[in-house]
Structure formats: structure tokens, C-alpha cells
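What follows is a single structure, written as C-alpha cells, with notes after it.
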Amino acid sequence: MWLDKLKVAIVQKDTDSISKLLDDISQIKDAKKLEELQEASYLLQEASLLLNSLKDETLNSINQTKKSIDFLGSTDIRNSKGLDIRL
């Protein structure tokens, strides 16, 4: 049951569910076979890769947003309180 929930969470990229399942990892000790433990190990590796990938995507998005804000700020026409002698 725990393994099935983890599989679904990974496929759906549901980080909240993955986190809850990791908090309740004690259920995996109920695994009856070595194959189930190996499958759990593989799924945990996949979950780790997914979370790192999503973290990298978020960081890239934040950096791109910062660059866009900086660009928009640099093209902003600022009102000067001093004397403007432009023609």
C-alpha cells in the first residue's frame, strides 16, 4: 500500500504526498519480501531525483524572474527632481 502511494505521488509529482509518505516511512518495514525493499529503495531514489529536479526548476524560475525585474527596472524612465535640460 505504501509503495503504491509513493508510486502515484512520484508520477503525479505531488511533493506534499511524497513528504507525508517519507514522514511515515516506518510502514516500509512491513515489507515481506526483499523485492519490495528493493522497489522501495528505487522509488526513494526516484523521489529524490524528482524533488531535486523541481528544486532546480524553481531556482531557475526565480533567477529568470529576477533578471526580468532588473531589466524592467533598467528601462524605467525615472523622474529627476533636478533640472532636465534634454532637448
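None of the figures in this text is laboratory data; all of them are computed from the coordinates on show. Keep in mind the model is a prediction, meaning the values are calculated, not measured. Cβ sites come from the backbone with ideal geometry, for glycine too, and all protein chains shown count toward neighbours.
Quick one: angle between helix 34-74 and the longest Cα principal axis of the chain, in degrees between 0 and 90, rounded to 10, please. Roughly 0 degrees between the two axes. Dividing the mean sequence gap of close Cα pairs (under 8 Å, 6+ apart) by how many residues the range 2-56 holds gives a relative contact order of 41 percent.
Among THR75, THR65, THR15, the residue with the largest mean-square fluctuation in a Gaussian network model of the chain, with springs joining Cα atoms closer than 10 Å, is THR75.
Of LYS13/LYS66; LYS13/LYS55; LYS13/LYS33, which sit over 22 Å apart, Cα to Cα? Violating the 22 Å limit, Cα to Cα: LYS13/LYS66; LYS13/LYS33.
GNM on the chain, alpha-carbon springs under 10 angstrom: the most fluctuating residue among SER74, SER17, SER53 is SER74. The simple Förster model, with R0 at 35 Å and r as the Cβ-Cβ distance, assigns GLN45 and ASP16 a FRET efficiency of 0.95. In a shell of Cβ-Cβ distance under 13 Å around ASN52, excluding ASN52 itself, what net charge do Lys and Arg (+1) and Asp and Glu (-1) give? Combined, the nearby Lys, Arg, Asp and Glu give -1. Taking the inverse of the mean reciprocal distance over all distinct Cα pairs, the Kirkwood hydrodynamic radius of the chain comes to 16.7 Å.
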